[in-house]
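**Student:** Dropping the structure in here first, questions after.
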Amino acid sequence: MFLGHYAIGFATKKAEPKVSLGTYFMAAIFLDLLWPLFLLLGLEHVKIEVGNTVVTPLDFYDYPISHSLLMAVVWSLVFGGIYFLMKKNKKASLFLGLCVFSHWILDFIVHRPDLPLSPGVNVFLGLGIWNSIPATLIIELLFFAGGIYLYVKNTKAKNKLGFFAMWGFVVLLLAIYVSNIYSPPPPSLNALEYAALGQWLFIAWGYWIDKHRDIR
């Protein structure tokens, strides 16, 4: 998923408003922040294979450290635990950990059976919604709309930046999402890896949005 992960970040702001939207985004896409790092280090691997599914030309044949079920639990505990050590906020730490784990659940819905159960175990999971563009669009857009609704309902813009920063971000994510589905495959693995690292910019944008919005 793509939009669905950011939807989780938007929605969870309602559960614990003290945490910045940028931190929620970081938790929700944390597995995808680890993934390009492990690719660059040669610890995980991916192939560009047009037709792998109708939505993505990527064959995720080796990513047990970042995306296996077992490691998703581990990364959830790590993220939530580090936040607790820093902020001493049990509620926020719990929700951030759940945000991290939600990434695996949403990927399980859309991926074909390529999500490992754990490193070293040849059991792979996934419902394969990515084999249908209409089903993928419906699920992702519903998640995204729901997350935005909850965020807008529970926050208000302090100023014009609070309005335009948020809605500009929404439009940008939608444009990237549609482009990813209908554009040609990445020209190279290096281009894919560095583009994936670009998601850190979205986290920074999340902090920027939250700086200019108040809780209702």
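**Student:** Given (1) surrounded by 13 or more Cβ atoms within 10 Å (Cβ to Cβ); (2) in a helix (DSSP H, G or I), where does K153 come up short, assuming only one miss?
**Tutor:** (1)
**Student:** What is the one condition in (1) touching a strand residue (DSSP E or B) at 6+ places or on another chain (Cβ under 9 Å); (2) in contact (Cβ under 8 Å) with a residue 24 or more places away in the chain; (3) not acidic (D, E) that T136 does not satisfy?
**Tutor:** Among (1) touching a strand residue (DSSP E or B) at 6+ places or on another chain (Cβ under 9 Å); (2) in contact (Cβ under 8 Å) with a residue 24 or more places away in the chain; (3) not acidic (D, E), T136 violates only (1).
**Student:** Right, A15: at pLDDT 95 or above and either in contact with a Phe, Trp or Tyr (Cβ under 9 Å, 6 or more places away or on another chain) or of a type outside the set (S, T, N, Q) (or both) or not?
**Tutor:** no
**Student:** Name the pairs: first residue in segment 74-87 and surrounded by 14 or more Cβ atoms within 10 Å (Cβ to Cβ), second residue basic (K, R) and modelled with pLDDT of 95 or more, Cβ to Cβ under 7 Å, at least 6 apart or on different chains?
**Tutor:** F84/K90
**Student:** Give me a count of the residues in segment 89-136 that are in a helix (DSSP H, G or I) and not aliphatic (A, V, I, L, M).
**Tutor:** 16
**Student:** In segment 1-54, what residues are closer than 25 Å to P186 by Cβ, among the small types (G, A, S) and buried (at least 16 other Cβ atoms within 10 Å of the Cβ)?
**Tutor:** Within segment 1-54, G4, A7, G9, A28 qualify.
**Student:** I've got another one for you. Within the group F164, F144, which residue is farther than 27 Å from Y61 by Cα, under 16 Å from the mean Cα position of the chain (by Cα) and among the aromatic types (F, W, Y)?
**Tutor:** The match here is F144.
**Student:** A follow-up question, please. May I ask you to list the residues in segment 35-70 that are assigned to a loop (DSSP other than H, G, I, E, B) and acidic (D, E)?
**Tutor:** Correct list: E44, E49.
The values are calculated or read from the model by the stated rules, or taken from the named source; none is laboratory data. Since the structure is predicted, the reported quantities are computational estimates derived from the model, not experimental observations. Cβ sites come from the backbone with ideal geometry, for glycine too, and all protein chains shown count toward neighbours.
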